[in-house]
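Structure first, then comments.
The values are calculated or read from the model by the stated rules, or taken from the named source; none is laboratory data. For clarity, every value in this text was computed on a predicted model and none was experimentally measured. Methodologically, a virtual Cβ is constructed for each residue, glycine included, from the backbone with ideal geometry; neighbour enumeration extends over all protein chains shown. Keep in mind that these areas ignore ligands, DNA and RNA; they rest on the heavy atoms of the full protein, side chains included. Shrake-Rupley method; radii C 1.70, N 1.55, O 1.52, S 1.80 Å.
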Amino acid sequence: MDPFDAGAGGILRQPKAVWATAGASVVAFMGIGLVDPILPSIAQGLHATTSQVSLLFTSYFLITAVAMLLTGFVSSRIGSRRTLLLGLAFVVVFAGLAGTSGSVAQLVGFRAGWGLGNALFVSTALAVIVGAAHPMGVARSASDKGGGGRRAGGSAAAILLYESALGLGMACGPLLGAVLGNVSWRYPFFGTATLMAIGFLCITAFLKEQPKPARRTSVLDPIRALGHGGLASAAVSAFFYNYTFFTVLAFTPFVLNMTPYRSGAVFFAWGVLLAVFSVIVAPWMQKRFGSLKVLIGSLVLLAVDVLVLGYGTHTAAVVCTVLSGAFIGVNNTVYTELALGVSDAPRPVASAGYNFVRWFAAAAAPYFAPKIEEWSDIHIPFVVAAVTAVLGAVVVAVRRTALTHEAEELEPRHATEDGVTVFAN
């Protein structure tokens, strides 16, 4: 039975702890694309260059990458509830401080602190949602008064709820940034701090501490997991892909050069396609064609898309920006299956090691794309992004044997169930 069929009926019958964590997750994911529509406004307001403003992404994801080695270490010692609250507290403080920045250097520094908080939160949220739903989401029928009963939604419904939070956050982040940023580039940061403070209070009130894992996670465990050839191959391929992904996310707003409202609308449509293709289309394509074929094809099509984005008309650039969300959604889901299903490492550990590698590309692309433009012209950053997407496909093709172990046998539902873990981390 499809896990969503089993759990979708109970998605609205989750305990308050699940809703509190899911609501905070929406805001956490919004923080990724929040600054997209206001990047030109920030540059103008702080008298900064494109490359300086792009460091907002670089500092955020560089800290996120390093934090991947720490999240399991922290949560296995202080507990998942305290880890969530610690992450939320970091976001509230640093997002609020970001809105007070008087220079781009201050803003970049505060954004780094925000990245640490976001890493602590989103890397723990899925496990918390599933754990909170499992013991509490029980509904008994009239004929089952004596005990037992069935879970109202269970873990599958909780995961579906978290998937929805991810998609909603990625889509609405640019939209919120546009609405508030149209008044002042500072307001989106204050708005995020306020929403995360509400999330902090809700989790404090509704979420009880969950049992700590039997074994504490070491900082080096994710690094050791990368010794597996299949996981290392998936991480390297995802590194190249993420360079392409974040060239689109961080550099395209400067190319489009639109008002915050219009740029926000473009990236809202991009986020909607990302969510739909990640949750619905990718699992169907995997079942029909196989994971590796789908991934190779999607990476090649993404390469073509970013080339047209870089060399086409302004209208073509807008269309290709939105369309890239479809390929990115597919890629995120399939990479998830590879990362979590190809090795025998515990899934949280495999996820941390995989993300430790790939988030470095998310930090590199926003820095190098503007630099490459300065050294050449506005088209070349997209040529580089197209090449990295193709390199990602080449790694998958060459390392097919290592990546096929278990990955081809996994049902598409694994990509849906675990996709949020990898992407959120």
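Annotations for the structure displayed:
- Calculated on C-alpha atoms, the gyration radius of the range 227-382 divided by its Kirkwood radius gives an Rg/Rh of 0.99.
- The magnitude of the dipole of the range 177-314, with charges of +1 and -1 set on the Cβ of Lys/Arg and Asp/Glu and taken from the Cα centre, is near 380 debye.
- Hydrodynamic radius (Kirkwood) for the range 228-298, which is based on Cα pairs only, to one decimal in Å: 14.3
- More than 19 Å apart - percent of Cα-Cα pairs taken over the range 17-90: 50
- Using only alpha-carbon positions in the range 174-264, the gyration tensor eigenvalues give semi-axes of 35, 28, 8 Å once each is multiplied by 5 and square-rooted (largest first).
- Modelled spin labels at I280 and E374, positioned 7 Å past Cα toward Cβ, are 4.3 nm from each other.
- Potential lengthening between H47 and I223 on full extension [0.36 nm per residue; Cα-Cα distance subtracted]: 59.3 nm
- Between D344 and A397, the FRET efficiency estimated from the beta carbon spacing at R0 = 22 angstrom works out to 0.40.
- Computed packing ranks the peptides 33-43, 258-268 as 33-43, 258-268, most packed first, by mean other Cβ atoms within 10 Å.
- What a 1.4 Å probe finds exposed on the range 311-358 is 74% carbon and sulfur by accessible area, rounded to a whole percent.
- Solvent-accessible surface ranking, highest first, for E209, E374, E337 at 1.4 angstrom: E374, E209, E337
- Distance between the range 176-214 and the range 369-385 - C-alpha centres, whole angstrom: 35
- Per residue, the range 243-303 exposes an accessible area of 38 Å² to a 1.4 Å probe, with every protein chain left in place.
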